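First comes the structure, then the notes that go with it.
The values are calculated or read from the model by the stated rules, or taken from the named source; none is laboratory data. Treat the numbers as computed from the prediction; the structure is a model and nothing was measured. Cβ placement follows ideal geometry from the backbone for every residue including glycine, while neighbour counts extend to all protein chains displayed. For the accessible areas, the whole protein counts, side chains as well, though only heavy atoms, and no ligand, DNA or RNA atoms are used. Shrake-Rupley method; radii C 1.70, N 1.55, O 1.52, S 1.80 Å.
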Amino acid sequence: ALARAAFAAFGLLIKPYFLVLPVLLTLGRMVQTRRLGPIIAPTNLVLLGAGIGYLVASYLLYPEYFTFILPVARDVYGAYRLSAEAILAGAQIWVLIPALLVIGFLGIRNLPTKGLYAALAVAGAGASYILQFNGFGYHAQPIFAFLLVGYAWLCTTTSARRTLVAACGGYLVTAAATFHLAPYRVQADRVFAPYLTADGRPRTFLAVSAT
């Protein structure tokens with residue numbers, strides 16, 4: 001578990017939006033055990049230590065990252081960020097319908113522990129998708145991944161026919177949606193179109209580098 005936490009820390013530190021995942025899983029564990037102990041679980045301490053070490057090492061080895069790179073990145077990404085309403089309007093919420101059916105068939109109180117954690121992982125991935133405020137398709141890939149893992153687990157463990165049908169159907173729908181939606185096709189061209197084209201003017205391309 002500690003080795004997995006240390007490995008996961010690399011991804012979480014590169015994309016801190018995904019810290020929502022361990023936070024939600026820890027909260028779920030706290031609700032399940034009715035104790036505060038999960039906050040200081042060894043895995044969480046590994047993530048905390050890795051985060052502190054990453055920040056200290058980054059500041060000592062490359063302080064310009066905080067004084068120059070981060071402000072520039074914030075301004076650049078902020079120029080084409082979308083509102084939460086726009087992101088939700090473009091999200092494929094319908095892929096969650098099978099998951100809601102599974103939860104409805106089982107009942108939230110009868111949801112197995114692993115199923116609860118899978119649901120929390122999907123919720124955390126969805127929250128990280130919204131918090132990035134870009135609406136890029138590949139930002140939603142963790143949602144599809146956790147859905148597929150959860151469905152696969154249910155398909156191999158449940159004996160209830162309705163739950164099995166919903167889980168297997170959800171797996172097929174999610175897998176098909178992953179390929180159909182082309183998650184790595186970004187919509188930046190639509191965002192920048194008004195600035196790059198106009199009636200009677202040639203198309204232009206602008207490349208900016210900080211190096």
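General observations
- Inside segment 55-90, residues that are touching a helix residue (DSSP H, G or I) at 6+ places or on another chain (Cβ under 7 Å), more than 23 Å from Ala9 (Cβ to Cβ) and not hydrophobic (A, V, I, L, M, F, W, C) make up a count of 1.
- Residue check for Leu12: at pLDDT 90 or above and in a helix (DSSP H, G or I): no
- Tyr17 vs. criteria in contact with a helix residue (DSSP H, G or I) (Cβ under 9 Å, 6 or more places away or on another chain), among the aromatic types (Phe, Trp, Tyr) and either under 25 Å from Ile143 (Cβ atoms) or buried (at least 16 other Cβ atoms within 10 Å of the Cβ) (or both): yes
- Condition check for Ala125: open to solvent by less than 60 Å² (accessible area, probe 1.4 Å) and modelled with pLDDT of 75 or more: yes
- Conditions (1) more than 30 Å from Arg81 (Cβ to Cβ); (2) surrounded by fewer than 16 Cβ atoms within 10 Å (Cβ to Cβ); number of the one not met by Val149: (1)
- Residue check for Ile69: modelled with pLDDT of 90 or more and part of a helix (DSSP H, G or I): no
- Hey, Pro98 at pLDDT 75 or above, surrounded by 12 or more Cβ atoms within 10 Å (Cβ to Cβ) and over 23 Å from Val20 (Cα atoms) or not: yes
- Set Ile40, Ile52: member being out of contact with any helix residue (DSSP H, G or I) (no Cβ under 7 Å at 6 or more places or on another chain), open to solvent by 80 Å² or more (accessible area, probe 1.4 Å), closer than 18 Å to Gly11 by Cα and not hydroxyl-bearing (Ser, Thr, Tyr): Ile52
- Flag if Phe136 is closer than 28 Å to Tyr80 by Cβ, among the aromatic types (Phe, Trp, Tyr) and modelled with pLDDT of 85 or more: no
- Test result for Arg74, at pLDDT below 75, charged (D, E, K, R) and over 24 Å from Thr178 (Cα atoms): no
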